[in-house]
Amino acid sequence: MSHRALSSQQFSTAPREGYVSEPDVSAQVNEWEPGHYYLRNLLVHREKRGQGIGTRFMHGLLAEHDRAGTQVSLHTARPELEKWYGTMGFKKTGEDEIGTRMTRRPR
């Protein structure tokens, strides 16, 4: 019988925090207050855009927050991204000098 080493992340319910990256995509995720995280600087490498990489990354990241029971907020200055974030459960919660503020509660 073979045994496979399991990473600590497979046992943890805490979502990743800080600079989070996967091949061709990255973001900064920080706890804003207990149980509430802020996502910023989501970046998909230019030559990889339009291939679903950002969507897969976000689904994985949001699944971590769902398991942990934490909400995620962000700002977008690009109106066309409001719909994209909305498909993942983000709701518009206001506007300010940065742009549109959106929040997603855990599912």
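Where a number appears in this text, it was derived from the coordinates with a stated rule and is not lab data. None of the values given here were measured: they were computed from a predicted structure. Cβ atoms come from the backbone with ideal geometry, glycine included; neighbour counts cover every protein chain shown.
Working note: Karplus 6.51/-1.76/1.60 with θ = phi - 60° gives region 58-73 the couplings 5, 4, x, 5, 5, 4, 4, 5, 4, 4, 7, x, 10, 9, 10, 10 Hz, where Gly and Pro are set to x. Relative to the Cα centre, the charge distribution of the chain, modelled as +1 at Lys and Arg Cβ and -1 at Asp and Glu Cβ, gives a dipole magnitude of about 360 debye.
Taking the average, over residues, of other Cβ atoms within 10 Å as the packing measure, peptides 86-99, 55-68 rank 55-68, 86-99 from highest down. Note on the chain: helix-only mean residue ellipticity at 222 nm, from DSSP H runs of 4+ residues weighted -39500 (n - 2.57) and normalised by residue number, equals -7000 deg cm²/dmol.
Gyration tensor analysis over the Cα atoms of the chain returns equivalent ellipsoid semi-axes of 25, 18, 12 Å (largest first, whole Å). If you take all C-alpha pairs in region 58-100, what percent of them are over 17 Å apart? In whole percent, the share of Cα-Cα pairs in region 58-100 beyond 17 Å is 33.
Phi angles of region 91-101 translate, via the Karplus equation with coefficients 6.51, -1.76, 1.60 and θ = phi - 60°, into HN-Hα couplings of 10, 5, 10, x, 9, 8, 5, 7, x, 8, 8 Hz per residue; Gly and Pro are given as x.
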